[in-house]
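Undergrad: First the structure, then my questions, so here it is.
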Amino acid sequence: MAVPSWLERLRAASKTALVQDGKRKIHYLFEDGKEMAEEYDVKTGQLVSRKWREKNTLGGSGKWQIEVGEPISPILGAVESELIKESSSNPVFMRKDTLSSFQWRIRNLPYPKEVYSVSVEKEQRCCVIRTTNKKYYKKFSIPDLDRYQLPLDAAALSFTHANNTLIITYQKPKEILAAEEQLQKELKKIKAASSGDGDCKTQ
């Protein structure tokens, strides 16, 4: 079964932990040099953000690529960044998971719910958003399913629309729920510093 292979990579990675601003931050360094940083809500255990970084061609660290969570400009503060985003009329695509599902939100889509369709393309291993008025089209993958080598299930996919935002939900398969529960138990064993990046504890 393929599920343990990703878990084994996570276990083998060098990990540091930090608790700050109500979030538990975990940094992973893999054998191939890739880095992954995750933030979890301390109270709920819910994943708040996940990002990746690889070495560039010169051997230095590349830019962080956001997989889960909302990117905030490093130059602007959160408030200013949010104001700029809200004033933009362009659709804003982001992933924001819950404990039981993967979830994506596309802001600034004012069309009624009946305009949208969301489908699974099993051969291409992606989901596709279409609109009958041809105003919006988007393909996106679910990296978690790829890492665990699990098939996409159209029955797990649903969507709703409210406040100019299209919300797409994909129920997590039981294999991923079980693996995440197991990982959380292991992450809690890492002693975390309470503040200051220099105080991160390594495992």
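Undergrad: For the range 6-52, give me each residue that is open to solvent by 60 Å² or more (accessible area, probe 1.4 Å) and outside any loop (DSSP other than H, G, I, E, B).
TA: Glu8, Arg9, Arg11, Ala12, Lys23, Leu29, Lys51 - these are the residues of the range 6-52 that are open to solvent by 60 Å² or more (accessible area, probe 1.4 Å) and outside any loop (DSSP other than H, G, I, E, B).
Undergrad: Turning to a different aspect of this structure: Within the range 110-149, can you find the residues that are open to solvent by 20 Å² or more (accessible area, probe 1.4 Å) and closer than 18 Å to Glu67 by Cα?
TA: Scanning the range 110-149 gives Arg125, Lys138, Lys139, Ser141, Pro143, Asp146, Arg147, Gln149.
Undergrad: In this structure, does Ser49 turn out to be modelled with pLDDT under 90 and among the small types (Gly, Ala, Ser)? It would help to see each step written out before you state the result.
TA: Values: modelled with pLDDT under 90: no; among the small types (Gly, Ala, Ser): yes.
So Ser49 does not fit the description; no.
Undergrad: I need the full set of residues from the range 40-58 which are over 20 Å from Trp104 (Cβ atoms) and in contact with a Lys or Arg (Cβ under 6 Å, 6 or more places away or on another chain), in order please. Steps first, please.
TA: In the first step, residues of the range 40-58 are kept if they are over 20 Å from Trp104 (Cβ atoms); the result is 42-43, 45, 53-58.
Listed by number, the residues that qualify are Val42, Glu54.
Undergrad: Which one is farthest from Pro91 (Cα to Cα) among residues in the range 165-180 that are in contact with a strand residue (DSSP E or B) (Cβ under 7 Å, 6 or more places away or on another chain) and either modelled with pLDDT under 95 or open to solvent by less than 70 Å² (accessible area, probe 1.4 Å) (or both)? Before the answer, list the steps.
TA: First, pick out the residues of the range 165-180 that are in contact with a strand residue (DSSP E or B) (Cβ under 7 Å, 6 or more places away or on another chain): 165-172.
This time we only want the ones that are either modelled with pLDDT under 95 or open to solvent by less than 70 Å² (accessible area, probe 1.4 Å) (or both), so: 165-170, 172.
Details: Thr165: 9, Leu166: 10, Ile167: 13, Ile168: 14, Thr169: 18, Tyr170: 20, Lys172: 25 Å.
Ranking the qualifying residues of the range 165-180, first place goes to Lys172.
Undergrad: Still on this structure: Is it the case that the range 76-96 has a residue that's open to solvent by less than 30 Å² (accessible area, probe 1.4 Å) and either part of a loop (DSSP other than H, G, I, E, B) or at pLDDT 90 or above (or both)? Show your work before the answer.
TA: If we filter the range 76-96 for residues that are open to solvent by less than 30 Å² (accessible area, probe 1.4 Å), which is where we start, we get 81, 94-95.
Checking which are either part of a loop (DSSP other than H, G, I, E, B) or at pLDDT 90 or above (or both) leaves us with 94-95.
Checked against the condition, which is being open to solvent by less than 30 Å² (accessible area, probe 1.4 Å) and either part of a loop (DSSP other than H, G, I, E, B) or at pLDDT 90 or above (or both), the range 76-96 yields at least one hit.
Undergrad: Six or more apart or on different chains, Cβ atoms under 7 Å: show the pairs whose first residue is in the range 24-47 and without any contact (Cβ under 8 Å) to a residue 40 or more places away in the chain and whose second is surrounded by 17 or more Cβ atoms within 10 Å (Cβ to Cβ) and not in a strand (DSSP E or B).
TA: Here the result reads Tyr28/Leu10; Tyr28/Ala13; Leu29/Ala13; Phe30/Ala13, each pair linking the range 24-47 to a residue that is surrounded by 17 or more Cβ atoms within 10 Å (Cβ to Cβ) and not in a strand (DSSP E or B).
The values are calculated or read from the model by the stated rules, or taken from the named source; none is laboratory data. Bear in mind the structure is a predicted one, so any value in this text is a computation, not a measurement. Don't worry about glycine lacking a Cβ; one is built from the backbone with ideal geometry, like all the others, and counts go over all protein chains shown. Side chains included, ligands, DNA and RNA excluded: accessible areas come from the protein's heavy atoms. Shrake-Rupley method; radii C 1.70, N 1.55, O 1.52, S 1.80 Å.
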